[in-house]
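Quick notes on the structure that follows.
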Amino acid sequence: MTITEMWTQLGSVIAGLMFGWAMFKQYFPDQLRGSFNRYTQRLVGFVYPYLQITFHEYTGERLKRSEVYSAIQSYLSANSSMRANKLKADVVNESHSVVLSMDDHEEITDDFNGIKIWWSSNKITPQTQSFSFYPITEGRRYFKLTVHRRYRNVITNSYIDHVIKEGKAVAVKNRQRKLYTNNPSNNWYEWKATKWSHVVFEHPASFDTLAMATKEKEEIMKDLVKFSKGKSYYAKIGKAWKRGYLLYGPPGTGKSTMIAAMANFLNYDVYDLELTTVKDNSELRKLLIETTSKSIIVIEDIDCSLDLTGQRKPKEKEEDKDGEGQDPISKKEKEEEAENKKSSKVTLSGLLNFIDGIWSACGGERIIVFTTNYVEKLDPALIRRGRMDKHIEMSYCCFEAFKVLAENYLDVESHELFAKIQNLLEETKMTPADVAENLMPKSEDEDEETCLKKLIAALEEAKEEEGRKKSEEEAKLKAEQDKEKDQPAKEDEKGKEIGIAKENGLISNGKEEISIESTKQGDS
């Protein structure tokens with residue numbers, strides 16, 4: 001038999017096998033095919049000495065990306081650049097460093113205590129393509145671990161844990177911190193995670209540049225470090241690993257900058273939660289589940305987000321509900337306000353459960369931050385200790401905060417004008433934002449002395465404005481007091497006149513009548 005005839009027969013056999021396999025898949029029932037595959041794998045297992053473990057990228061009904069898959073991907077990326085032939089490049093961090101990882105359908109080897117392990121990156125591509133406005137992903141990726149069966153216990157008990165631990169460490173080193181915002185629920189799709197959108201978090205704020213007294217900054221930093229290292233402590237005391245911060249103070253005192261400094265200090269992601277786009281408490285819980293550990297969940301200006309204290313206010317009178325006695329403009333404004341509040345059904349109870357209820361334990365190492373300009377407007381249950389564990393007042397600029405700003409904006413640590421500025425700051429209220437605006441040079445011609453004099457002028461003007469307002473308030477208060485003093489005197493004078501009139505018979509029971517004498521004369 002010639003070589004040509006052998007290849008011809010081999011081709012015929014292969015074609016016959018492929019035809020038979022196609023007929024088997026098309027006409028045999030699923031139960032029979034399942035049994036056939038099961039017994040076939042058993043037969044192969046008798047002669048195939050290797051163990052295979054598969055790690056899929058997406059697991060569960062909700063198609064959530066597997067943390068184990070991500071850890072393995074990070075672990076293999078540290079070794080793949082030296083061993084794999086096909087690599088994928090990705091850019092991470094603001095330094096634009098390149099990280100290499102295994103490409104699809106590539107294989108590398110790993111050594112663990114003298115054991116040789118094979119890792120392969122695979123991808124399942126859908127056989128059928130369908131048109132849809134919301135198409136599924138191009139394919140499902142997975143990693144496959146292959147090792148000799150004699151090392152089963154070592155792999156399952158030690159190696160996999162080692163890979164996950166090392167992979168998470170590599171991921172932390174190469175991670176990009178992100179700033180998230182929640183999407184409206186009508187943009188949530190089952191085929192991909194769209195509850196949060198994100199951009200790279202690149203805010204440069206730090207505690208070194210934060211305009212605040214040094215002692216207060218050190219206290220906050222120590223508290224943050226204690227929290228970040230407190231996993232075992234929180235487990236011991238039986239509390240979820242989270243902490244609440246309430247930042248309150250006038251506008252321009254650095255509340256948002258404080259959040260950025262906290263995120264940079266701890267290397268945490270930031271989730272900026274917009275409550276007005278959340279329809280109800282159920283959506284709020286779903287958003288919480290999708291947040292990750294090592295994150296700061298922020299609700300800014302919480303007193304303006306929703307009416308979370310309405311259920312605690314006394315009921316309005318019926319005539320007020322009906323709108324009686326109101327002008328049309330006020331009535332229309334109230335109707336619009338009520339309509340806006342109806343758009344979101346998030347309640348105070350739902351928000352409290354979000355902060356420290358049962359659902360708050362879904363995940364760990366999370367900080368929840370509220371900011372407000374008017375802390376007195378918030379419900380006491382919302383900001384009590386245990387929910388907002390630490391209250392931080394962001395106040396007006398003090399001299400120590402001014403020195404931080406002067407060094408940041410002008411590179412000046414001391415100046416002869418500092419003494420005058422210190423006296424003015426003690427007598428005048430000015431926010432760090434206003435101080436910084438006056439210190440910032442507006443042109444190349446402005447030097448540090450010009451900017452400092454500009455700040456002094458602004459402080460003196462603010463001092464005069466405060467004095468003028470104080471004088472007006474004192475004059476108004478004095479006028480009200482004089483009015484209150486004059487009121488009893490007028491009432492006493494009126495009482496005397498009424499008494500005299502009664503004696504003359506001109507008034508009876510508070511009403512004017514014809515005198516008795518004139519009546520008698522009329523009768524005669």
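Listing for the model above:
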| item | result |
| --- | --- |
| Index of the failed condition, residue 383 passing every other in (1) open to solvent by 60 Å² or more (accessible area, probe 1.4 Å); (2) within 30 Å of residue 431 (Cβ to Cβ) | (1) |
| Any hit, the range 258-277, residues being modelled with pLDDT under 60, over 22 Å from residue 390 (Cβ atoms) and not β-branched (Val, Ile, Thr) | no |
| Those strands (runs of 3 or more DSSP E) lying entirely in the range 120-231 with at least 2 residues at pLDDT 85 or above, open to solvent by 70 Å² or more (accessible area, probe 1.4 Å) and over 23 Å from residue 392 (Cβ atoms) | 196-200 |
| Flag for residue 235 being farther than 17 Å from residue 177 by Cα and assigned to a loop (DSSP other than H, G, I, E, B) | no |
| Filter pass, residue 304 being of a type in the set (A, V, I, L, M, F, W, C) and either farther than 24 Å from residue 260 by Cβ or at pLDDT 85 or above (or both) | no |
| Unique residue being surrounded by 10 or more Cβ atoms within 10 Å (Cβ to Cβ), assigned to a helix (DSSP H, G or I), touching a helix residue (DSSP H, G or I) at 6+ places or on another chain (Cβ under 8 Å) and at pLDDT below 95 when the list is 469, 454, 478, 429 | 454 |
| Flag if residue 354 is buried (at least 18 other Cβ atoms within 10 Å of the Cβ), modelled with pLDDT of 80 or more, aromatic (Phe, Trp, Tyr) and in contact with a Pro (Cβ under 9 Å, 6 or more places away or on another chain) | no |
| Tabulated pairs, the range 462-478, first under 23 Å from residue 432 (Cα atoms) and of a type in the set (Gly, Ala, Ser), second modelled with pLDDT of 85 or more and not in a helix (DSSP H, G or I), C-beta under 9 angstrom, 6+ apart or interchain | 462/428; 462/429; 462/430 |
| Top-ranked residue in the range 396-426 [being of a type in the set (Asp, Glu) and under 33 Å from the mean Cα position of the chain (by Cα); ranked as surrounded by the fewest Cβ atoms within 10 Å (Cβ to Cβ)] | 407 |
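This table checks each residue for (1) farther than 19 Å from residue 165 by Cα; (2) at pLDDT 65 or above; (3) touching a Cys at 6+ places or on another chain (Cβ under 9 Å).
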site	(1), (2), (3)
27	yes, yes, no
32	yes, yes, no
55	no, yes, no
62	yes, no, no
87	yes, yes, no
91	yes, no, no
95	yes, no, no
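Results for (1) touching a strand residue (DSSP E or B) at 6+ places or on another chain (Cβ under 6 Å); (2) without any contact (Cβ under 8 Å) to a residue 24 or more places away in the chain, shown as yes or no for each residue.
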{"residue": "218", "(1), (2)": "no, yes"}
{"residue": "229", "(1), (2)": "no, yes"}
{"residue": "233", "(1), (2)": "no, yes"}
{"residue": "241", "(1), (2)": "no, no"}
{"residue": "247", "(1), (2)": "yes, no"}
{"residue": "250", "(1), (2)": "no, no"}
{"residue": "260", "(1), (2)": "no, no"}
{"residue": "271", "(1), (2)": "yes, no"}
{"residue": "282", "(1), (2)": "no, yes"}
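The values are calculated or read from the model by the stated rules, or taken from the named source; none is laboratory data. None of these values were measured; they are calculated from a predicted model. Neighbour counts are summed over all protein chains in view; Cβ atoms, including those assigned to glycine, are modelled from backbone coordinates with ideal geometry. Note: accessible area is taken over every heavy atom of the protein model, side chains too, but ligands, DNA and RNA are not part of it. Shrake-Rupley method; radii C 1.70, N 1.55, O 1.52, S 1.80 Å.
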